[in-house]
Amino acid sequence: MLTLGLIINPYAGIGGAVGLKGSDGADIVAEAMARGAERKAALRTRQALDVLSALKERCYFLTCPGEMGADVLTGLGFSYRLIDADIPQVNTSADHTRLAAQAMLDEGVDLLLFAGGDGTARDICAVVGDTLPVLGIPAGVKIHSAVYGITPTASGEVVRSLLEGGLVDIKEAEVRDLDEDAFRNNQVRARHYGEMRVPQTGHFVQAVKQGGVEVEELVLADIAAFICADMDDDVLYLVGSGKTTQAVMDELGLENTLLGVDAVLNREQIGTDLTADEILALLAKYPQAQAIVSVMGGQGHIFGRGNQQFTPDALRLLGKKNIRLISTKTKISALNGRPLIMDSGDPQLDKDWAGTIEITTGYRDQIVHTLV
């Protein structure tokens with residue numbers, strides 16, 4: 001089951017229909033209300049979540065009180081829990097959006113959904129940056145940021161694909177916002193405020209040949225080239241078993257243990273065919289470490305099949321964020337929507353890591369997939 005964060009800016013888009021060209025700031029909101037503006041952010045959020053109505057048992061929400069989330073989820077019958085933050089039922093502000101985003105970042109939701117416009121995206125970005133997958137439900141006057149679905153329903157479709165185990169790319173997308181005061185004077189001044197990581201409906205786009213079939217050798221070369229280019233100095237890399245990870249060792253020009261775990265530091269091999277105890281000893285010596293592992297074809301296991309040298313103790317020392325999972329999209333697609341599997345031998349660890357995980361599927365190309 002995935003944990004989804006939900007933040008609604010109830011005033012998003014309120015100034016559009018009454019000619020105010022935005023809704024940033026308490027004064028603009030008050031003027032919009034005085035002109036008879038209607039709040040539509042909740043409606044647009046419902047349009048997005050309606051797409052998930054048949055998948056309620058696959059997701060759980062963390063949200064804010066009242067009009068910032070709970071009201072919509074209650075009306076649609078989704079299960080949810082309120083965040084532990086001082087947020088009122090009504091009369092909320094951008095400060096409350098940032099407070100909610102911080103609470104959800106601290107909780108580690110699998111995906112943060114938010115309804116708003118460019119101002120809301122700025123507030124979310126200022127807190128979470130590129131550390132948490134996010135997806136916007138378009139509800140604002142200004143939608144220049146690339147973090148939103150093209151429609152509320154489109155945003156819901158992306159989440160549905162994720163819940164159903166489909167191929168979902170995850171890419172960095174820009175957050176941009178216009179100067180509203182300048183815009184009201186017919187001047188367009190856009191500013192870049194950062195990037196956030198945004199899931200997008202997956203598709204075969206690289207190393208393809210006739211009908212979207214991946215050429216495995218080319219894809220593995222792309223994956224290996226990116227992993228090696230992204231390696232940092234003085235970081236221990238534990239390279240797991242399999243043909244996919246072998247491509248990384250080949251790219252480095254190092255000997256590979258096909259059915260074992262090798263250790264690399266500063267692009268030099270410092271261990272081959274490591275035992276569980278040897279891995280623990282290296283992790284004690286090198287606290288900055290990552291594991292590069294692949295997906296078992298046909299089954300979807302990432303631990304517990306072929307990588308048993310990574311014991312629960314070693315995985316806890318590494319932490320989920322330091323697992324670099326690599327695979328071709330063809331291999332993930334062959335799972336037919338089934339989730340990836342944690343079988344570490346420690347049920348509590350498997351439960352703690354359940355949710356989603358990013359998979360490198362090419363050069364600067366990642367997808368996000370469910371993990372149980």
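The values are calculated or read from the model by the stated rules, or taken from the named source; none is laboratory data. Source: prediction; values computed, not measured. Methodologically, a virtual Cβ is constructed for each residue, glycine included, from the backbone with ideal geometry; neighbour enumeration extends over all protein chains shown.
Looking only at segment 98-119, count how many residues are within 23 Å of L162 (Cβ to Cβ) and not aliphatic (A, V, I, L, M).
The qualifying residues number 6.
Restricting to helices (runs of 4 or more DSSP H) lying wholly in segment 33-146: which have 2 or more residues that are over 19 Å from T3 (Cα atoms), at pLDDT below 95 and over 22 Å from the mean Cα position of the chain (by Cα)?
Here the list reads 41-50, 94-107.
Would you say S327 is without any contact (Cβ under 8 Å) to a residue 60 or more places away in the chain and either surrounded by 20 or more Cβ atoms within 10 Å (Cβ to Cβ) or not assigned by TED's automatic domain parsing to the domain that holds T244 (or both)?
In short, no.
When the residues of segment 317-335 are filtered to those that are in a loop (DSSP other than H, G, I, E, B) and touching a Gly at 6+ places or on another chain (Cβ under 8 Å), which remaining residue is nearest to H369 (Cα to Cα)?
Here the answer is L335.
Please go through segment 253-268 and give me each residue that is on the phi < 0 side of the Ramachandran plot and not charged (D, E, K, R), ordered by number.
L254, N256, T257, L258, L259, G260, V261, A263, V264, L265
Between a residue in segment 83-95 that is over 14 Å from P10 (Cβ atoms) and in the same structural domain as L73 (by TED's automatic domain parsing) and any residue that is among the hydroxyl-bearing types (S, T, Y) and at pLDDT 90 or above, which pairs come within a Cβ distance under 9 Å, given they are 6 or more apart or on different chains?
Close Cβ pairs (under 9 Å, with a partner that is among the hydroxyl-bearing types (S, T, Y) and at pLDDT 90 or above) amount to I83/T63.
Restricting segment 343-365 to residues that are at pLDDT 90 or above, of a type outside the set (V, I, T) and assigned to a strand (DSSP E or B), which is surrounded by the fewest Cβ atoms within 10 Å (Cβ to Cβ)?
Filtering first and then ranking leaves E358.
Does segment 302-316 contain any residue that is free of Cβ contacts under 8 Å to residues at least 24 places away in the same chain and over 20 Å from the mean Cα position of the chain (by Cα)?
There is no residue in segment 302-316 that is free of Cβ contacts under 8 Å to residues at least 24 places away in the same chain and over 20 Å from the mean Cα position of the chain (by Cα).
Please state which of the following conditions L282 fails to meet, knowing it meets all the rest: (1) surrounded by 15 or more Cβ atoms within 10 Å (Cβ to Cβ); (2) within 21 Å of I359 (Cβ to Cβ).
(2)
Pick from segment 261-286 the residues that are part of a loop (DSSP other than H, G, I, E, B) and over 30 Å from the mean Cα position of the chain (by Cα): which of them is farthest from G304 (Cα to Cα)?
Among those that are part of a loop (DSSP other than H, G, I, E, B) and over 30 Å from the mean Cα position of the chain (by Cα), it is T272.
Working carefully through the options L112, L82, L132, find the one that is of a type in the set (A, V, I, L, M, F, W, C), surrounded by fewer than 19 Cβ atoms within 10 Å (Cβ to Cβ) and in contact with a Leu (Cβ under 9 Å, 6 or more places away or on another chain).
Only one candidate qualifies: L82.
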